[in-house]
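Visitor: Got a structure for you, questions after.
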Amino acid sequence: MTRIVYVNGAYKRYTEAAVHAEDRGFQFADSIYEVIDVLDGRLVDATRHLARLDRSLNELSIPPPMSNAALLRVIAQVIRRNRIRDGIVYIQVTRGAGPRDFALPPLGTLPTLVVLARAQRKGWAAELAETGIAVKTIPDNRWGRCDIKTVMLLPAVLAKDEARRTGAKEAWFIDAQGHVTEGASSNAWIVTADGTLVTHPLDRQILPGVTRATVMDAAKAEGLNVEERSFSVREVLSAREAFVTSATNIVMPVVKIDGAPVGDGRPGPLARRLRLRFHHIAEFSAG
Ligand code: PDD
């Protein structure tokens, strides 16, 4: 349960935590965010998440609300005040509040910062990974800067809803060339017949996933071959395995795409191996 939320300098009770009615995050989605996993009271890959937060702010010229050292202290307080051992931390920064205007607000407008934490039952993702998930393909109708982690998530919300209505847990976005870009809230991977791991290259079509980067480190440490290139839905159907990566799912096997089995229709050995390796490779830091 979330009890306390940090909003702009104060720790508020959950029911009272609020931002301004004219916050630009609310009106324009002029805002970025991060989700960091908390395991045994420690932050997973905080350095990479905060580096991406800095990058997102920088790409949109939103001034950082505080230093990363100060932000880490706020995150630690939020974890402590909510007594989180296992769960997530959600960090959101907006360009601030002011009378609604498409023009950027005057210099000196203070960004809005919200930090909240939520407990999640330890082991839920590991249990789900035992059976794997189904995905549904959806045309990628997002904007041209999916590399920035903005809260402009309506395409992802609608895609996931459509996926869920067909019994799939995740949507895989398909670009105009018929290639899988990424999941609605995860990066997409396949394992080819010769055992090569394939995932979309880092460009403006996908989010540079932190888990993607750490899984890549894990794959290299395991001596696996990784190719960063696009792959088609047809390639998924002839793949040996498929999986998604994200901070909360870590490595989640994909066993079905649009109702058709992937590989033998069961979680594959490489996804399992990478899932097990992940926490040996990821950075853990005090929360
Ligand atoms: N989503 N791609 C998209 C579009 C995402 O929204 C996410 C994360 C990822 C995976 O990134 P990472 O490995 O850094 O979590 C890829 C988060 C978890 C969310 O929105 O809840």
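The values are calculated or read from the model by the stated rules, or taken from the named source; none is laboratory data. Just so it is clear, the model here is predicted, and its values are computed rather than measured. Cβ sites come from the backbone with ideal geometry, for glycine too, and all protein chains shown count toward neighbours. Surface accessibility is based on the protein's heavy atoms, side chains included, excluding ligands, DNA and RNA. Shrake-Rupley method; radii C 1.70, N 1.55, O 1.52, S 1.80 Å.
Visitor: All but one of (1) within 30 Å of ILE281 (Cβ to Cβ); (2) open to solvent by 60 Å² or more (accessible area, probe 1.4 Å); (3) out of contact with any Phe, Trp or Tyr (no Cβ under 6 Å at 6 or more places or on another chain); (4) of a type in the set (Lys, Arg) hold for ARG42; state the number of the condition that does not hold.
Guide: Answer for ARG42: the failing condition is (3).
Visitor: OK, next. Scan segment 129-145 and give yes if some residue there is buried (at least 20 other Cβ atoms within 10 Å of the Cβ), under 15 Å from the mean Cα position of the chain (by Cα) and among the basic types (Lys, Arg), otherwise no.
Guide: Among the residues of segment 129-145, not one is buried (at least 20 other Cβ atoms within 10 Å of the Cβ), under 15 Å from the mean Cα position of the chain (by Cα) and among the basic types (Lys, Arg), which makes the answer no.
Visitor: Could you check how many residues of segment 146-204 are among the polar types (S, T, N, Q), more than 11 Å from the ligand (Cβ to nearest atom) and open to solvent by 30 Å² or more (accessible area, probe 1.4 Å)?
Guide: From segment 146-204, those among the polar types (S, T, N, Q) are 150, 166, 177, 181, 185-187, 192, 196, 199; that's our starting set.
In the following step, the residues that additionally are more than 11 Å from the ligand (Cβ to nearest atom) were identified as 166, 177, 192, 196.
Then drop every residue that is not open to solvent by 30 Å² or more (accessible area, probe 1.4 Å), which leaves 166, 177.
Qualifying residue count for the region: 2.
Visitor: Take the residues of segment 235-258 that are surrounded by fewer than 20 Cβ atoms within 10 Å (Cβ to Cβ) and either of a type outside the set (Lys, Arg) or closer than 17 Å to ASP140 by Cβ (or both): which is farthest from the chain's Cα centre (by Cα)?
Guide: Applying the first criterion (surrounded by fewer than 20 Cβ atoms within 10 Å (Cβ to Cβ)) to segment 235-258 yields 235, 237-238, 240, 248, 256, 258.
Now drop any that are not either of a type outside the set (Lys, Arg) or closer than 17 Å to ASP140 by Cβ (or both), which leaves 235, 237-238, 248, 258.
Details: GLU235: 24, LEU237: 25, SER238: 27, THR248: 8, ASP258: 22 Å.
Only one residue fits best here, namely SER238.
Visitor: Something else: Filtering segment 209-234 down to residues that are over 19 Å from the mean Cα position of the chain (by Cα) and of a type in the set (Lys, Arg), which residue is farthest from the ligand (Cβ to nearest atom)?
Guide: Pass one, segment 209-234, residues over 19 Å from the mean Cα position of the chain (by Cα): 219-227, 229-234.
Keeping just the survivors that are of a type in the set (Lys, Arg) gives 220, 229, 234.
Values: LYS220: 17, ARG229: 17, ARG234: 22 Å.
So the residue we want is ARG234.
Visitor: How about segment 51-81: which of its residues are exposed (fewer than 13 other Cβ atoms within 10 Å of the Cβ) and either modelled with pLDDT under 95 or touching a Lys or Arg at 6+ places or on another chain (Cβ under 7 Å) (or both)?
Guide: Those that are exposed (fewer than 13 other Cβ atoms within 10 Å of the Cβ) and either modelled with pLDDT under 95 or touching a Lys or Arg at 6+ places or on another chain (Cβ under 7 Å) (or both): none in segment 51-81.
Visitor: Just to be sure before I move on: is ALA239 free of Cβ contacts under 8 Å to residues at least 24 places away in the same chain and small (Gly, Ala, Ser) in the structure I sent? Write out each step before concluding.
Guide: Values: free of Cβ contacts under 8 Å to residues at least 24 places away in the same chain: no; small (Gly, Ala, Ser): yes.
Spelling it out, it is not the case that ALA239 is free of Cβ contacts under 8 Å to residues at least 24 places away in the same chain and small (Gly, Ala, Ser).
Visitor: Applying the selection to segment 246-287, what residues are of a type in the set (A, V, I, L, M), farther than 23 Å from ILE174 by Cα and in a loop (DSSP other than H, G, I, E, B)? Can you show your working first?
Guide: Looking only at segment 246-287, we keep the residues that are of a type in the set (A, V, I, L, M), and these are 247, 250-252, 254-255, 257, 260, 262, 270-271, 274, 276, 281-282, 286.
Applying the additional criterion that residues be farther than 23 Å from ILE174 by Cα yields 270, 274, 276, 281-282, 286.
Result: ALA282, single match.
Visitor: Could you please let me know if ALA117 is part of a helix (DSSP H, G or I), under 28 Å from ARG85 (Cβ atoms) and either of a type in the set (Gly, Ala, Ser) or not assigned by TED's automatic domain parsing to the domain that holds MET252 (or both)?
Guide: It is false that ALA117 is part of a helix (DSSP H, G or I), under 28 Å from ARG85 (Cβ atoms) and either of a type in the set (Gly, Ala, Ser) or not assigned by TED's automatic domain parsing to the domain that holds MET252 (or both).
Visitor: Please tell me if GLY123 is without any contact (Cβ under 8 Å) to a residue 12 or more places away in the chain, more than 16 Å from the ligand (Cβ to nearest atom) and either among the small types (Gly, Ala, Ser) or more than 24 Å from MET152 (Cα to Cα) (or both).
Guide: Yes.
Visitor: Quick check on segment 136-149. Is at least one of its residues in contact with a Gly (Cβ under 8 Å, 6 or more places away or on another chain) and outside any helix (DSSP H, G or I)? Step through it out loud before you land on a result.
Guide: Of the residues in segment 136-149, the ones in contact with a Gly (Cβ under 8 Å, 6 or more places away or on another chain) are none.
No, segment 136-149 contains no residue that is in contact with a Gly (Cβ under 8 Å, 6 or more places away or on another chain) and outside any helix (DSSP H, G or I).
Visitor: With respect to ALA51, is the statement that it is within 16 Å of the ligand (Cβ to nearest atom) and over 22 Å from THR211 (Cβ atoms) true? Walk me through it before giving the result.
Guide: Details: within 16 Å of the ligand (Cβ to nearest atom): yes; over 22 Å from THR211 (Cβ atoms): no.
No, not satisfied.
Visitor: Residues to consider are THR196, THR211, THR150; find the one that is β-branched (Val, Ile, Thr) and under 15 Å from VAL254 (Cβ atoms). Break it down stepwise before answering.
Guide: On the way: THR196 fails: under 15 Å from VAL254 (Cβ atoms); THR150 fails: under 15 Å from VAL254 (Cβ atoms).
Sole residue among the options that is β-branched (Val, Ile, Thr) and under 15 Å from VAL254 (Cβ atoms): THR211.
Visitor: Considering only segment 259-276, I want to know if a residue exists there that is within 16 Å of the ligand (Cβ to nearest atom), buried (at least 21 other Cβ atoms within 10 Å of the Cβ) and within 26 Å of LEU116 (Cβ to Cβ). Let's see the steps before the verdict.
Guide: Within segment 259-276, the first condition is being within 16 Å of the ligand (Cβ to nearest atom), and the residues that meet it are 271, 274-275.
From what is left, the residues that are buried (at least 21 other Cβ atoms within 10 Å of the Cβ) are 271, 274-275.
From what's left, within 26 Å of LEU116 (Cβ to Cβ): none.
Within segment 259-276, not a single residue is within 16 Å of the ligand (Cβ to nearest atom), buried (at least 21 other Cβ atoms within 10 Å of the Cβ) and within 26 Å of LEU116 (Cβ to Cβ).
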